[in-house]
Amino acid sequence: SELIRGFLLSGMPCPSSCPPGLLALMAPGLALLATFSLPSQAGDRRALPVEKPLGVKGRTLILLDVNTKSPVRIISENFLSLQLDPSIIHDGWLDFLRYQDVRFHALVYVVGLLLLLLLGFLTSNLFTLSFQLPHMCQGPDGSEEWERSTDIVRSDIALDKQKGCKIAQHPDIMLELQREKAAQMHLVLLKEQFSNTYSNLTLTARSLDKLYNFADCSGLHLIFALNALRRNPNNSWNSSNALSLLKYSASKKYNISWELGNEPNNYRTLIGRSVNGSQLGKDYAQLRSLLQLIRTYSRAHLYGPNIGRPRKNVIAFLEGFMKVAGGTVDAVTWQHYYIDGRVARVTDFLKTRLLDTLSDQIRKIQKVVNTYTPGKKIWLEGVGMTSAGGMNNLSDSYAAGFLWLNTLGLLASQGIDVVVRHSFLNHGHNHLVDQNFNPLPDYWLSLLYKRLIGPKVLAIHVAGLQRKPRPGRVIRDKLRIYAHCTSYHNHNYVRGSITLYIINLHRSRKKIKLAGTLRDKIVHQYLLQPYGKDGLHSKSVQLNGQPLAMVDDGTLPELKPRPLRAGRTLVIPPLTMSFYVVKNVNALACRYR
């Protein structure tokens with residue numbers, strides 16, 4: 001899937017016309033201000049390095065204005081989307097999805113208008129996927145139909161009678177047993193990963209029914225990754241199994257989009273032989289031909305090639321793919337993981353150099369795509385804060401949110417259409433909810449983003465003090481500001497309102513004065529901070545000082561803003577993330593959809 005666009009560009013030198021030390025204007029991108037050191041905070045496991053501010057006062061007043069006349073980017077309504085790991089088929093979570101557990105359903109449904117679900121790693125380095133059809137039998141009217149599985153429970157029959165959608169309350173003992181089963185499967189997967197041996201995974205028709213039912217009942221659109229590892233002797237794709245799956249899905253009239261494979265640049269590890277970009281392009285052309293032969297999918301969307309991090313060999317792979325199949329896919333996809341989850345530390349999540357690595361990757365992908373198919377949409381289809389499943393108390397903590405929120409801002413500002421978060425629920429620690437279905441910090445960030453941020457990206461103008469860089473030293477800013485039109489779906493705010501979201505990585509608070517079109521407007525503050533004694537390691541957050549937690553199994557808390565009086569200076573606490581809705585701006589760019 002694709003990504004979004006952020007704003008402010010970091011590292012821009014002050015124009016010669018502005019007064020000494022004053023950054024008069026910054027184009028869409030990252031607001032570069034005085035660079036301060038990061039503090040040690042309660043719950044940190046080690047002290048953070050401290051740099052001297054070199055004579056610049058720590059409490060600089062920042063002037064902020066937004067260009068309200070026209071957006072610089074317009075991203076997809078489905079910009080923030082979700083991904084499920086295929087381990088749900090192995091470890092039993094699929095049944096909980098199928099039966100629409102009341103707590104899980106509430107979490108997925110209220111995150112809201114996601115509309116896009118990616119089951120992406122079905123062909124990754126953990127599994128090779130095969131599809132198993134049910135037997136054909138004679139129906140009551142004498143026609144042939146797929147045989148129904150008898151391996152179902154009573155609640156499943158009730159689901160079928162109600163068109164497949166029913167909320168169920170699972171006993172605690174069932175959830176406990178399921179968590180134990182999933183934990184055992186996690187150990188098996190890790191063992192396979194480190195030993196470089198991989199399992200075959202068979203997806204039955206019944207499992208596909210459960211998966212589609214979950215997506216359909218939750219208002220999500222399913223993108224299914226077909227197995228590209230089945231190869232003919234001449235290394236072309238063997239599509240026979242995929243054709244069976246396509247025909248079965250079409251017989252059920254399932255509305256599905258498609259993809260072929262996952263990280264194809266790594267296939268030598270999986271099958272002992274590589275597939276180059278031009279060959280995968282031919283495979284995609286073959287898949288498109290199959291889709292056109294099946295009436296239900298003749299106009300289905302097709303995405304790919306879902307390559308890994310764009311290093312030199314991967315860029316060459318993408319070039320070969322685009323030459324052959326650039327016009328075949330509806331969007332070009334790739335993946336990004338910031339840190340090796342096995343060696344990550346909390347200080348890694350606060351490094352501005354790490355936050356900026358994504359910008360370079362975006363430019364590399366865009367250069368190739370625009371060379372062969374100018375204007376083609378690009379998706380960041382798999383993104384996680386850490387690879388290798390993540391690390392407990394780090395990639396699922398408050399600290400990881402700095403990377404996640406900055407990722408959303410950068411993607412939107414640089415023209416990525418959709419970003420797919422890996423994963424909503426899985427066996428690692430990159431997920432949005434834990435295996436008790438408790439929301440983690442990145443879930444609350446994502447929920448606020450969906451509630452407050454619209455698809456139109458706005459340019460920001462920032463004025464403030466800037467430290468003069470020493471020779472040979474790159475100054476990275478630690479205050480990042482993005483702006484969008486407020487979501488049209490949020491009926492608490494009239495059209496024309498603007499939402500800012502701000503990341504403060506400084507050890508000191510920052511003061512922002514709204515200027516120009518934003519001056520003297522009422523502002524609603526949504527300030528997210530870690531909750532509890534664990535500080536940056538915390539898995540709980542507070543909104544405007546109130547801890548966030550589900551009210552009951554089916555109810556999320558009300559996300560109440562803190563109103564700020566018109567003209568009040570915004571005070572951004574150190575090491576925090578926040579959203580600010582500037583009401584009644586009547587921004588021309590935001591009045592109409």
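The values are calculated or read from the model by the stated rules, or taken from the named source; none is laboratory data. Just so you know, these numbers come straight off a predicted model, no measurement behind them. Neighbour counts run over all protein chains shown; Cβ positions are idealised from the backbone, glycine included. What goes into the accessible areas is simple: the full protein's heavy atoms, side chains included, and nothing from ligands, DNA or RNA. Shrake-Rupley method; radii C 1.70, N 1.55, O 1.52, S 1.80 Å.
Just one of LEU536, LEU559, LEU528 is assigned to a loop (DSSP other than H, G, I, E, B) and open to solvent by less than 30 Å² (accessible area, probe 1.4 Å); which is it?
LEU559
Name the pairs: first residue in region 459-470 and modelled with pLDDT of 85 or more and crowded, with 17+ Cβ neighbours inside 10 Å, second residue aromatic (Phe, Trp, Tyr) and not in a strand (DSSP E or B), Cβ to Cβ under 7 Å, at least 6 apart or on different chains?
What qualifies is ALA459/PHE7; ILE460/PHE7.
List pairs: first residue in region 206-221 and closer than 10 Å to CYS165 by Cα, second residue among the β-branched types (Val, Ile, Thr) anywhere in the structure, Cβ distance under 8 angstrom, at least six positions apart or on different chains.
Cβ pairs passing all conditions: SER218/VAL108.
Residue-by-condition table, conditions (1) assigned to a helix (DSSP H, G or I); (2) over 24 Å from VAL369 (Cα atoms); (3) more than 28 Å from the chain's Cα centre (by Cα):
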position	(1), (2), (3)
THR202	no, yes, no
SER207	yes, yes, no
SER249	yes, yes, no
SER257	no, no, no
ARG288	yes, no, no
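When you go through THR328, THR371 one by one, which is the residue that is modelled with pLDDT of 95 or more, farther than 20 Å from SER413 by Cα and outside any loop (DSSP other than H, G, I, E, B)?
Only one candidate passes the filter, namely THR371.
Quick check on this structure: which one of GLY567, GLY532, GLY496 is more than 27 Å from ILE460 (Cβ to Cβ) and either out of contact with any His (no Cβ under 6 Å at 6 or more places or on another chain) or of a type in the set (Ser, Thr, Tyr) (or both)?
Values: GLY567 fails: more than 27 Å from ILE460 (Cβ to Cβ); GLY496 fails: more than 27 Å from ILE460 (Cβ to Cβ).
After ruling out the rest, the residue left standing is GLY532.
Could you look through region 239-274, keep only residues that are hydrophobic (A, V, I, L, M, F, W, C) and under 20 Å from PRO310 (Cα atoms), and pick out the one that is surrounded by the most Cβ atoms within 10 Å (Cβ to Cβ)?
So the residue we want is LEU260.
Taking region 264-299 as the region of interest, how many residues are touching a Phe, Trp or Tyr at 6+ places or on another chain (Cβ under 6 Å) and of a type in the set (A, V, I, L, M)?
Residues flagged as touching a Phe, Trp or Tyr at 6+ places or on another chain (Cβ under 6 Å) and of a type in the set (A, V, I, L, M) within region 264-299 amount to 3.
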